[in-house]
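Notes follow once the structure below has been shown.
The values are calculated or read from the model by the stated rules, or taken from the named source; none is laboratory data. Just so it is clear, the model here is predicted, and its values are computed rather than measured. Note: ideal-geometry Cβ built from the backbone for every residue, glycine included; neighbour counts use all protein chains shown.
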Amino acid sequence: MEIKNLILLLTIPILLIVALFSLGKIPPITGAATAEEANQKLGEYSITPSFKAKIDYNIEEEYGKLKTELKKIIDECKSQENMEDCINKKISENTEIQWKCDEKDTDVLYDFVDKLKDCIKIQQENVMCRFSFDRKDHINRVKSQRTFEIRLTNWYPPNVKAELFEDGKWLATEFIELGKLTYSDDMKNPTKDVNSIVAKIMFNEGTPTVQEIYASTDASPRVELSKLFLLYKSKKNEADGEDVANVHFIDLSVEGNFRGSSSKAINLPITKGTKFCAKTAKQVLAYDNSDSAVKMRDIEYRFAVTFPKTAPKPLDDLLPLDGLKAENAAILSWSKPKDNTIDSYSIYYSENDFSNKKIQDIKKDENIRKISAEIENLVRIDKIDLTRCGFDPAGSPCKYGDYENSLAVGRLYYSKSDNKFIYLIKDSDLTDGKQYYFAVTAVNSQGEISNDKSIQGNTYILSEGKNYARFTPADDLAPGKAAELGKIKTPEGKTKLAWKRPSKNTDGSEANDVAGYRIYYKRSLSDINPQLEPGHEIKQITAADAKCDTISLYCEYIVENIAGLEKGQPYSFAVIPIDEVLPKANEYNLESDRVSVQIG
């Protein structure tokens with residue numbers, strides 16, 4: 001935490017000279033120039049002469065004492081979980097110094113500028129900044145309805161001048177290092193330069209409403225802009241230089257395109273801070289624009305205390321699980337942190353150990369797969385059992401216990417009953433039977449990540465058993481059923497079983513690993529499929545044995561090749577596809593076909 005932005009409100013009467021440039025035009029022969037042509041305003045400048053004022057006490061000494069007192073309060077609160085609440089409490093309990101700042105009309109401008117600066121400082125690019133004006137009850141103590149005007153104009157690069165007016169009367173000025181004013185009417189097209197932007201805000205019983213906001217350009221005196229104060233922060237082009245903006249206002253006519261875009265929206269403000277003021281018994285004769293008068297005024301010291309930005313804390317219970325009844329799948333589960341500033345989670349996995357890498361190196365490593373799971377797209381569920389999963393019906397993704405639904409790839413889930421986040425990864429490069437390393441880090445709205453060592457004071461790193469884990473996904477997905485099972489007599493009088501090779505797995509995905517078949521058989525006249533009857537026997541064959549290991553869709557096998565069958569007896573047969581996982585092959589035999597054969 002630090003004390004910064006000290007403003008010493010000591011105003012001495014000064015001479016202000018404002019000069020207007022005018023451009024005279026040669027009047028046409030047919031008549032005189034109009035007054036407007038003769039007095040076209042090009043700009044303005046002000047001269048503030050240097051001066052000295054002698055006062056009867058030591059301002060620096062008094063300021064030093066106040067700063068020491070404030071720093072003492074901050075130091076006492078550093079160990080508290082909520083530093084801001086602690087500081088505000090101690091400030092209110094201080095009877096010697098009145099630290100509370102008087103609310104002023106100029107807060108309308110300063111709050112607007114602070115939020116705009118927040119957008120400029122955001123490290124992320126291709127994102128949307130979104131903010132609104134705060135409610136200010138003190139504004140309407142004078143009258144129930146007031147309208148303010150904020151004017152933004154390009155100033156000396158990279159500064160933009162922001163001014164606050166009411167009824168044409170100037171109230172305050174601030175400068176913003178924005179580069180220059182621009183607006184955008186398409187996320188893919190270049191932005192357009194703006195000469196000025198005007199926003200009119202009405203306060204009614206303390207509630208603000210943006211009445212209008214428009215830009216003035218060389219091509220048009222009025223381009224309507226988004227009243228939602230959406231700002232698009234594009235990728236900075238270093239070749240354009242520092243004076244080129246990458247924060248753009250949005251054309252009202254395309255506001256819906258930006259709101260509905262995949263660009264991440266960041267709500268402002270982000271920077272947390274508190275302002276403190278201290279008045280003394282000393283006064284000075286001074287002029288103030290608020291009342292346009294020279295009179296004795298209190299000297300007020302103003303401090304702004306900003307709280308340090310901290311990245312989210314690392315996870316401490318990352319648990320990888322197998323994606324049940326699925327190939328090339330893993331499920332990651334972790335407890336929901338108390339931190340409410342988390343905006344998304346970054347998921348990383350690789351065949352190689354990357355626990356000692358810095359986040360900036362992880363991002364550059366092409367061998368580490370990266371996924372962003374957004375909180376904004378969260379799916380909330382009451383309860384789920386990740387250890388149970390079944391098909392209903394076959395041919396659709398497996399449904400998990402208690403939830404009775406499948407998990408979608410690319411969605412972040414939250415289970416209320418056990419306060420857990422859940423994320424399913426399915427990737428053809430995630431080979432079953434091979435060990436992988438997984439990590440999950442929390443990301444706040446500023447793009448700060450919990451193991452980013454580049455953030456000052458952030459000592460969090462990846463730690464196995466907490467936010468980093470190794471895991472080997474398994475294949476427990478069976479091929480679908482063998483269809484069209486039947487029997488065919490060969491010219492030699494033997495009986496062949498014939499069936500169609502499955503093209504799909506039991507979850508509806510492509511079956512690419514059918515390695516063979518299990519032929520279940522039992523001497524029986526029952527209509528029950530033999531694999532479901534006690535006492536059955538099994539003949540396991542390969543896809544090559546069934547003559548359908550490559551191109552052929554149809555498989556066959558001669559019954560007489562099965563040893564031990566008794567001649568003259570009826571047998572019931574079923575053929576169940578199995579995959580290449582050995583020694584325990586996956587099979588799904590609940591919906592198999594059945595055929596009866598009389599052994600000759």
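Residues considered: Ser596, Ser592. Of these, the only one that is assigned to a strand (DSSP E or B) and surrounded by 13 or more Cβ atoms within 10 Å (Cβ to Cβ) is Ser596. Checking Glu166, Glu212, Glu177 one by one, the residue that is touching a residue at least 12 places away in the same chain (Cβ under 8 Å), in contact with a helix residue (DSSP H, G or I) (Cβ under 8 Å, 6 or more places away or on another chain), surrounded by fewer than 17 Cβ atoms within 10 Å (Cβ to Cβ) and assigned by TED's automatic domain parsing to the domain that holds Glu125 is Glu177 and no other. With respect to Lys383, determine if the residue is part of a loop (DSSP other than H, G, I, E, B), of a type in the set (D, E, K, R) and within 30 Å of Tyr588 (Cβ to Cβ). So Lys383 fits the description; yes. Scanning the stretch 419-433 for residues that are at pLDDT below 95, assigned to a loop (DSSP other than H, G, I, E, B) and not β-branched (Val, Ile, Thr) gives Asp427, Ser428, Asp429, Leu430, Asp432, Gly433. Does any residue of the stretch 551-558 turn out to be outside the structural domain of Tyr400 (by TED's automatic domain parsing), surrounded by fewer than 16 Cβ atoms within 10 Å (Cβ to Cβ) and of a type in the set (Gly, Ala, Ser)? Yes; the residues of the stretch 551-558 include at least one that is outside the structural domain of Tyr400 (by TED's automatic domain parsing), surrounded by fewer than 16 Cβ atoms within 10 Å (Cβ to Cβ) and of a type in the set (Gly, Ala, Ser). Listed by first and then second residue, the pairs linking a residue in the stretch 540-554 that is in contact (Cβ under 8 Å) with a residue 12 or more places away in the chain to a residue that is aliphatic (A, V, I, L, M) and surrounded by 12 or more Cβ atoms within 10 Å (Cβ to Cβ), with Cβ atoms under 7 Å apart and 6 or more places separating them unless they lie on different chains, are Ile541/Ile519; Thr542/Ala515; Ala543/Val514; Ala543/Ala515; Tyr554/Ala498. When the stretch 333-374 is limited to residues that are surrounded by 15 or more Cβ atoms within 10 Å (Cβ to Cβ) and part of a helix (DSSP H, G or I), the one that is nearest to the chain's Cα centre (by Cα) turns out to be Ile359.
Filtering Pro534, Pro570 for residues that are farther than 30 Å from Glu327 by Cα and out of contact with any strand residue (DSSP E or B) (no Cβ under 6 Å at 6 or more places or on another chain) leaves a single hit, Pro534.
Selection of the stretch 174-209 for residues being of a type in the set (Val, Ile, Thr), over 27 Å from the mean Cα position of the chain (by Cα) and either in a strand (DSSP E or B) or closer than 18 Å to Phe131 by Cβ (or both) yields Ile197, Val198, Ile201, Thr207, Thr209. Over 27 Å from Asp476 (Cβ atoms) and either out of contact with any Asp or Glu (no Cβ under 7 Å at 6 or more places or on another chain) or of a type in the set (A, V, I, L, M) (or both): does that describe Glu566? In short, yes.
Taken over the stretch 330-346, the criterion of being modelled with pLDDT of 95 or more and among the hydrophobic types (A, V, I, L, M, F, W, C) is satisfied by Ala330, Ile331, Leu332, Trp334.
Here is a yes/no grid of residues against (1) out of contact with any helix residue (DSSP H, G or I) (no Cβ under 8 Å at 6 or more places or on another chain); (2) of a type in the set (Phe, Trp, Tyr); (3) in a strand (DSSP E or B):
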{"residue": "Glu492", "(1), (2), (3)": "yes, no, no"}
{"residue": "Ala498", "(1), (2), (3)": "yes, no, yes"}
{"residue": "Gly516", "(1), (2), (3)": "yes, no, yes"}
{"residue": "Tyr557", "(1), (2), (3)": "yes, yes, yes"}
{"residue": "Ala563", "(1), (2), (3)": "yes, no, no"}
{"residue": "Phe573", "(1), (2), (3)": "no, yes, yes"}
{"residue": "Pro577", "(1), (2), (3)": "yes, no, yes"}
{"residue": "Leu582", "(1), (2), (3)": "yes, no, no"}
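Checking each residue in the stretch 164-190 for being more than 24 Å from Tyr232 (Cβ to Cβ) and in contact with a Leu (Cβ under 8 Å, 6 or more places away or on another chain) picks out Leu164, Phe165, Trp170, Leu171, Ala172, Thr173. Look at (1) among the basic types (Lys, Arg); (2) modelled with pLDDT under 90; (3) farther than 16 Å from Glu125 by Cα and you find that Lys200 fails only one, number (2). Among all residues of the stretch 436-456, there is none that is at pLDDT 95 or above and either polar (S, T, N, Q) or surrounded by fewer than 16 Cβ atoms within 10 Å (Cβ to Cβ) (or both). In the stretch 66-88, what residues are free of Cβ contacts under 8 Å to residues at least 60 places away in the same chain and either in contact with a Cys (Cβ under 8 Å, 6 or more places away or on another chain) or exposed (fewer than 14 other Cβ atoms within 10 Å of the Cβ) (or both)? Answer for the stretch 66-88, where residues must be free of Cβ contacts under 8 Å to residues at least 60 places away in the same chain and either in contact with a Cys (Cβ under 8 Å, 6 or more places away or on another chain) or exposed (fewer than 14 other Cβ atoms within 10 Å of the Cβ) (or both): Thr68, Lys72, Asp75, Glu76, Cys77, Ser79, Gln80, Glu81, Asn82, Asp85, Cys86.
Can you tell me which residue is farthest from the chain's Cα centre (by Cα) among those in the stretch 127-162 that are among the polar types (S, T, N, Q) and farther than 25 Å from Lys272 by Cβ? Ranking the qualifying residues of the stretch 127-162, first place goes to Ser144. Just one of the listed residues (Phe391, Phe421) is surrounded by 15 or more Cβ atoms within 10 Å (Cβ to Cβ), in contact with a Ser or Thr (Cβ under 8 Å, 6 or more places away or on another chain) and more than 28 Å from Glu510 (Cβ to Cβ), and it is Phe421.
Consider the stretch 225-258 and keep the residues that are part of a strand (DSSP E or B) and among the aromatic types (Phe, Trp, Tyr). The one that is modelled with the lowest pLDDT is Tyr232. Only one entry of Pro320, Pro312 meets the criterion of being crowded, with 17+ Cβ neighbours inside 10 Å, touching a residue at least 12 places away in the same chain (Cβ under 8 Å) and not in a loop (DSSP other than H, G, I, E, B), and that entry is Pro320.
Has the stretch 481-488 got any residue that is under 21 Å from Thr550 (Cα atoms) and buried (at least 20 other Cβ atoms within 10 Å of the Cβ)? Yes, that holds for at least one residue. Note on the stretch 103-126: residues that are in a loop (DSSP other than H, G, I, E, B), within 21 Å of Lys272 (Cβ to Cβ) and either within 29 Å of the chain's Cα centre (by Cα) or among the hydrophobic types (A, V, I, L, M, F, W, C) (or both) amount to 3.
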